[in-house]
Structure formats: structure tokens, C-alpha cells
Amino acid sequence: MSCRASPWIRPSLPAGPRFPTSARPRSPLGIRNLWKNPILKGSWTLGVPNMFALPSRLFRCMASSGSGDGGFARPTSTDVVTPLPLYSWPDKQRPRVCILGGGFGGLYTALRLESLVWPSDKKPQVVLVDQSDRFVFKPMLYELLSGVDVWEIAPSFTELLKNTSVQFVRDSVKLLRPSDHFRRDPGESCTGGVVHLESGTVIEYDWLVLALGAEAKIDVVPGSAEYALPFTTLEDALRVESKLKMLERKRFGKSSPTIEVAIVGLGYSGVELAATISERLKNTGTVKAINVQTTICPTAPQGNRDAALKVLESRNIQLLLGYFVTCIKEASTSDDSSSTVTDSEVDGDHKKLILDLQPAERGLKGQTLEADLVLWTVGSTSQIPRLQPPDAPYVIPLNGRGQVETEETLQVKGHPRTFAIGDSAALRDPSGKLLPATAQVAFQQADFAGWNLWAAINDRPLLPFRFQNLGEMMTLGRNDAAITASFIEGLTLEGPLGHAARKLVYCLRMPTDEHRVKVGISWFTKTAIDSLASVQNAVANSFPPPTPMADSTTNSSAAAAAAMDPDSEVAFDFPPYLCQYKSGRVHRLGSALTVPAGTDAATGVVSKDIRAGPASVRIYLPPGATGKIPVVVYFHGGGFVVGSPARPGTHNYLNDLVARSGAIGVSVYYRLAPEHKLPAAYDDAWAALRWAVTLGDGEEPWLLDHADLSRVFLAGCSAGANIAHNTAVRASAPGALPDGVTLRGLALVHPYFTGSEAVGGEVAFAPEIRGFMERTWRFVVSETVGLDDPRACPFVDEAARKVAAGIPCERVLVCIAENDVLLKERGLWYYRELKASGYAGEVEELFESKGVDHAFHFDKLDTEEGVKLQERLVAFIKA
């Protein structure tokens, strides 16, 4: 019989490379002797591609034989390899479960396995591996800054597991080598794989649970990794606490200067930090909260968001919405010579930090902030990609964020003995959206993972995981919180009542009964009196002083009238472009200034507005035009909702481009959303291109005299670049363009593309950014599948890739801006994907404008970077 042959080691395995008979080493050793030879020297290859070559120790399998003898033959190599220390499992026959990560997913899975009823010979041996010696109840990490004891929210694993059979190993994971993706012959069994730890220890397992979570990603902008502090681990929280204490000691007894704390990101973590630190500092400090969105916690329930905003606005917090950080640096000594300290707890002298902010929305101006402490709460990165074996880097399937792709049963795709949960897993809800990386999801997945391991080991059916959103909670201070329960629509508990409810829920969620009792007693004795006083004050303050009846009636009537007026209630806010009200009225923000067509005094370019079939265009002719010259069909940007060729910035830009390139310019007036949702703009763009390449339906003299239809270019910026790409796609249809017309080039400047899966540096984006992109895309398009619409994500699948690769342009130029936080990565992605797609034309070298942000050139055309960009486009047209 084969090694470890039992019912629990015969899961249904996927098809894959088989082990050829010649690769199954045999030995006269019996099964018991095999266990006495745990480390085999050397390694051998199992007759599969080299990328899957693994150490011999990984495959301690015995082939079935009539005599019952079988095992491994020693490698014939004479090389001597120092054996790695192997983790010693107490029992050689019972299943071995290795759980990597001791957060909510990992610890609670281990405890779930311990609580289930097992047949005596099948109860698994469980080892839990984590780099820390403490479990951290992360939703309450903020309380460490407001007086909660460490042991309450970060108990040791030894204490939590002392009454269980779960073994704890403090170590970091170095490498994963799963083997459960190999197909084996009937009757043949093997281990699920091995895990290499940083200490050198190797753990051989039958079942693996990946619950490693995510790490903070702060190396996003220059200086962020050096000067900003994350807030995701116990060590992070203790370090922030130490810094705050140092600043408070330095400030003690002085009226100035105040402590300045900058918080980057206003998702849940940023808001909870801002509320906690501002309450702690009171009038001795200021919190400067920065968010790229123009709202806080955009994915939170409305009740939680309103409660949080009310608290933030009532405290000494400066909200900087619609900004992103481009650089963090240390102030010079001359700027902050008084701030040097020699406290031994501080790593070196303390100096002020400088944050450079750039607006993420038009209409805002860049700012520079000073801060004593910078906390970074946006962005995370998965640990799994760096743990893949170098000879098989894709053995574990990952999504674009580095999360493991799983089945509904939480098994890793193609790996029936490996489960992934929590932040490590990429599991979707029924609508196709990735589940959020929250403690609530990890709680529930741990319960299912434990059960499904029991089912797999006992040869029972596995259950599909279904997430049940029970609501969301957030702390807003020592005695303040907000709770919105999903099962009671419209109910939000806030203030002291919300605080008490949140504490009760989290106490019940503590890992063990013993710890729940200890924490419950501690919290009750420390907070009961304060909570009662807070409730009494809240009740007393809920009855405002009486006001004169006339004033009260007038104010109430006015408020009621305003609330009932659909022309004053915002239905959709699309900053910085527009607001749409419930009445349907659309208010476009910013200047509506336009300039007429005519002769430009600076360049001598002549322009005119003209109908172009069902669309309209502003056509430009360079001064002194003679003979045949290129035609550039240009599409302006503006999120599909604002802009026109008559805007001063767009008009001046076209004058300059036409003058420098000597080409005819055709700038398109396309219809705008939401009054005319996509594909209206695409249709107008196509009509304008058809009009231009048919020489204005044979009636436009500038085109008749000068248009060289063998040199037609499509160009655009931002949303206009998206339109240019989709127009090129439409032109690829057979017979779409008249004979003799050649699309010589496609120029995409800071293009708008997106997608549901993060690419490149987008993994650092807070979840609310993806939500903002999703909402705004759906706002501008009539029918769509969302961010994976091929019009917005042209390489989303093989069908879309084939279409994008078929664009009939001879050359493509992609231009990006270094500080274009939202769209730079998508420009890079488009460039890489097009080159790899099989596109038959030439993808020219990527052009990046340094130190500038999105669409900078309209306002800074005469700057060094503006001139460089324009010269690159002119060279592209003239080539």
C-alpha cells in the first residue's frame, strides 16, 4: 500500500502533469524505515518540465506493489547537500494541517478545527505559523492610542492556544512549494507540499491554509517609505504611540507650536485614526487629513459616513479632500532648528516633514503642508507573489492584486489541498465583485475553511462560501463610534450608544471564551462610569434651549421646503466636473467660458466651426498651407461630461499643435453625458472621422485642397484618448473607411482606461478609488458590464485583446505624466498590453512628462515639460 494511504488523502485532483513510471523511485525500505529517513540528500526531477522540479523530500510517495515494499531510491548524485531541519509532527499517520498567518483567518480556522468532532484517527495535527508572537484584533488597533492595554487586543498565541492541541511556530514564510496540483495514479498518495520558513525549517503538510493577509505598501511616492508610518500591525501602532508621546512631552507646558499630524487616506483606517488622534491631542495639535476623493469613506454606509463627517468637522481636523501626496521630505535645519530633541526613545533628531500636495480635481491648487508625524493608510500588497517558487512563479494562481484565485469552497484553483482566506484570497460575491479585505469577511471564511477541511478529510461534500454582510462599525473616539447594521435598514447607532454596542460585539468576537471574560471585565470596570456619564450628557444635550415660535416655524418651513425641492438635492456628484440634481438638472462646475473660432494672433492659424454630418467640428488650417498635409482628428478630455473645442485651453492647444505640425486639425464637438450617455460621444467621433476622410462629404474646401488622406491621425487626451482608441477600433471593421485612407498614427495623451483588477501601482489605491471609477463610468455610459467593459478596459480578456490588437493604425504613441496618480498606471498598462497583443503596427517608445500631473499641458503649454510633450507629438505627426 502507498504511504499515508487513508480515505482523507484521496481528494479529486485536477488534470495535470503525470509522474512517469520511470520517475517513481523505489527502495527496499519498508514504510517504517521511510519515516526514519526524513531528510534525503540531493534532489531529483520527476519527469515533468523543469519549472516543476522539486526536492525529493517533497514527494515521499511509495508506489503500490504486490509485496507491499516500496519507497524512494537515493539519488545517484555524489553531491552532498546539507539537510534542512524538518518540522517534526507528533503523529506519522494523522492528517497534517499547516496554517500560515495568525490573523483572523488563520487563528480562527485553527480554533474551528479544534472545536469540531473528529474520528479518532482523522483528527488533524495543526500547526499555526506567524511572524509575531501575538494575535492582533486589528479593528481595535486604534484603541492603543487612547488607553487600551496591549494584552486586551493583542493576546499572545501561547495564551490563546494553551488549552488546544494546535502548535504555534513563530517564524516568517520564505517559500511555498505545493504539490497538490500534480495528477497522480490511482492508489498513489503524496504530501500536499512543503513550506520553507526563514529560519530554515521545512514543514511538510497534507493540507495548507493561506491566511497571510496583506502588508502595508508605503513606498508609493518619493519619501513615503522613509518618513511615513503605516498603521497595520501591533509594531506599527506601538511606534506611532511612541512618536506621539515624544511629541507630547516636547510640547508639554508650551502654548506653541502645536503638534501637527498628517494622515494620508480617509478610508475607514484614516478616519478612525484621525478621530482617535484628534481627540487625544485636543487643542494641543492639529490633524491634517488628506484624501484623493472629495468625500470620506465612499464605500461606507451613508449613516456611518455622516456620523464620521460630523465628528471630524467638530474637532481640530483640517480636511484636504481632492488632493494626493506627491512627495514627503524632511524640512531643512534652518526651517525647524528648534525642533531637535535628544530623547533616547527617538530615532535621531526630530524634524518637521514637508508634504507636497497636488489636486486630484480641477479647480484646486497645489499645497505644501508641514507635519511632525505622517501616517500612511492607503495601499497594501499581498505577500503571496514573493513566496512563489522561483522555478515555478505561477504555480499558485493570482489576480492582478497578487491575491490567490479560489473556488467557492475557498480551495485554491487547481490545488484541492490548499485553502486561501482573508486578504490572501480573491473571492467574489454573486455580482462578481471582489469581497472586501475586512475582519468580517475573514471571520466568516475561517468558519467555512475549518468546516471544509473537516469535510475534505472525511470525504464529505464541501460547502460553497457565501458572505453575509452584517453591517459595518467604526470607532470615532474613546466614547464615540458608529454602527450600521445591514439587517435594519436606515438604523445607525452613534455616539456613546454606538461605542458601547461596538465594544460588546467585539468582545463577543474575541478568540476564546477565557479571553472574552478577561477583556469583558477589564472594559466594564474601566469604561462603565465614563460611558454612563457620556450617555447622560448626550441625553441632556439632545434638548436644545427653546427658541421663539416664529423663528422656529420659519426655519422649519424653510428646511422642509429645501428638503422637498428636487432641484436642490444632489443625485450624483462627479467632482470636479458636475453635479446632477434629483430634478435632472445638471450643473457643470468651473468656468463655462468659450472662445470663438477665427484667426489666432499668436500663431496665424485659422479656424472655423462647421457641421460634420450629424456632429460638429472646429477645423484648423495652418498659416501658409500649400499642397497636401496631414489631418489630425482630435478629441478633447473632460470625463465624457465637460469640455468642448471652444474651451480656451483646448482651442489654444490646437492652434499651437497645428502651427507646429503643419497639419489640418479637426477638433470634435461630441455630445456629453449624462444628457447623452455613451456611446453618443463614440458615435459623434466616428461621424467626424468619416466626414474628414470623405473631405467634408466632398464639400469642405480646406480638406479638398490640402488633406492628405494617406496621413490621417487620431489623437486625444484623457477621456478624449479613450474616444480616439475606440474610434480606431471601429475603423478596423472591413470597409469602415474609404479606399485610399490610411490611419498613420494614434496618439494617446494621459489616456483614460480602467478595470476592476488593479494593475501596477494601482494595488496601492484605497478601495474607494476603484468605487469612484466604477460609479463615474456607469454614470457616463448607458449600458455596461462595469469597469471591465472593453471600451474602458480594452485588454480585459482574449476577445477584447484581439479586437484592440486589430486597430488599423500604423503607429501608436502613448504619453503619460509622472504625477498622474489615477491614470498613469493605466497608460503604462495599455502600452505594455498593446506591445504584447500581437498588434501589427509599431508601438513607439513610451513618453513620460516628469514632475507634472494629468492634462497639465493645457495650462502649462509654454513650460519646459509642456514644450517637450508638444514637440514629441509634432515629431510623431511629421514622421
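Rg and Dmax over the alpha-carbon atoms of the stretch 251-309 stand at 13.1, 42 Å. Measuring with a 1.4 angstrom probe and ignoring ligands and nucleic acids, Leu657 comes out at about 10 Å² accessible.
Distance from the Cα centroid of the stretch 691-759 to that of the stretch 241-313 is 49 Å (rounded to whole angstrom). Dividing the radius of gyration of the alpha carbons in the stretch 87-128 by their Kirkwood radius gives 0.98 for Rg/Rh.
Relative to the compact-globule estimate of 2.2 N^0.38 Å, the Cα radius of gyration of the stretch 102-241 comes out at 1.28. Remark on Ser179: its backbone amide H falls under 5 Å from those of Gly193, Val194, a criterion applied only to residues 5 or more positions apart or on other chains, H modelled at 1.01 Å from N. What's the center-to-center distance, using Cα atoms, between the stretch 356-407 and the stretch 584-638 in Å? Value for the Cα centre distance between the two parts: 40 Å.
Remark: the stretch 638-720 carries 27 Å² of accessible area per residue (probe radius 1.4 Å; ligands, DNA and RNA excluded).
How much area per residue is accessible in the stretch 374-492 when the probe is 1.4 Å and only protein heavy atoms are counted (Å²)? Don't skip to the end; give the middle numbers.
Working: 4910 Å² over 119 residues.
For the stretch 374-492, the solvent-accessible area averages 41 Å² per residue.
Bridgeable lysines around Lys123 (alpha carbons under 19 Å apart, same-chain partners fewer than 8 residues away excluded): Lys92, Lys162. Expressed as a whole percentage, what fraction of the accessible surface of the stretch 742-879 belongs to carbon and sulfur atoms when a 1.4 Å probe is rolled over the protein heavy atoms? The value for the stretch 742-879 is 52 percent carbon and sulfur by accessible area.
Along its three principal directions, the equivalent ellipsoid of the stretch 445-488 from the Cα gyration tensor extends over semi-axes of 35, 12, 5 Å, largest first.
What full-extension length gain, to one decimal in nm, is calculated for Ile521 and Arg428 as 0.36 nm per residue of separation minus the Cα-Cα distance?
Here the segment from Ile521 to Arg428 would lengthen by 29.6 nm.
Here, the stretch 619-717 has an Rg and a Dmax of 13.5, 42 Å when only alpha carbons are counted. Listed by chain and number, the lysines whose C-alpha is less than 28 Å from the C-alpha of Lys243, apart from same-chain residues fewer than 8 away, are Lys138, Lys217, Lys254, Lys282, Lys288, Lys310, Lys329, Lys351, Lys352, Lys503, Lys526. Here's the list of aspartates and glutamates a cross-link from Lys174 could span, going by alpha-carbon distance under 13 Å and ignoring same-chain residues fewer than 8 apart: Asp130, Glu198. The simple Förster model, with R0 at 22 Å and r as the Cβ-Cβ distance, assigns Lys868 and Glu774 a FRET efficiency of 0.05. Taking 0.36 nm per residue of separation and subtracting the Cα-Cα distance, full extension of the segment from Asp459 to Asp739 would add 94.2 nm. Here the extension length gained between Ser332 and Val150 equals 61.9 nm, from 0.36 nm per residue of separation less the Cα-Cα distance.
The trypsin sites (Lys or Arg not before Pro) of the stretch 248-317 meeting both criteria, a DSSP state outside H, G, I, E and B (loop) and at most 12 other C-beta atoms within 10 angstrom of the site's C-beta, are Lys254.
Looking at the stretch 597-683 alone, DSSP beta bridges between its own residues are antiparallel in about 75 percent of cases. Given 37 °C and 0.692 mPa s, how large is the Stokes-Einstein diffusion coefficient of the stretch 718-846 in µm²/s, with Rh as the Kirkwood radius over Cα pairs? Translational diffusion coefficient: 217 µm²/s.
The values are calculated or read from the model by the stated rules, or taken from the named source; none is laboratory data. Keep in mind it's a predicted model, so treat the numbers as computed, not measured. Every residue, glycine among them, receives a Cβ derived from its backbone with ideal geometry; neighbour counts consider all protein chains shown. Ligands, DNA and RNA are stripped out before the accessible areas are found, and what is left, the full protein with its side chains, is counted by its heavy atoms. Shrake-Rupley method; radii C 1.70, N 1.55, O 1.52, S 1.80 Å.
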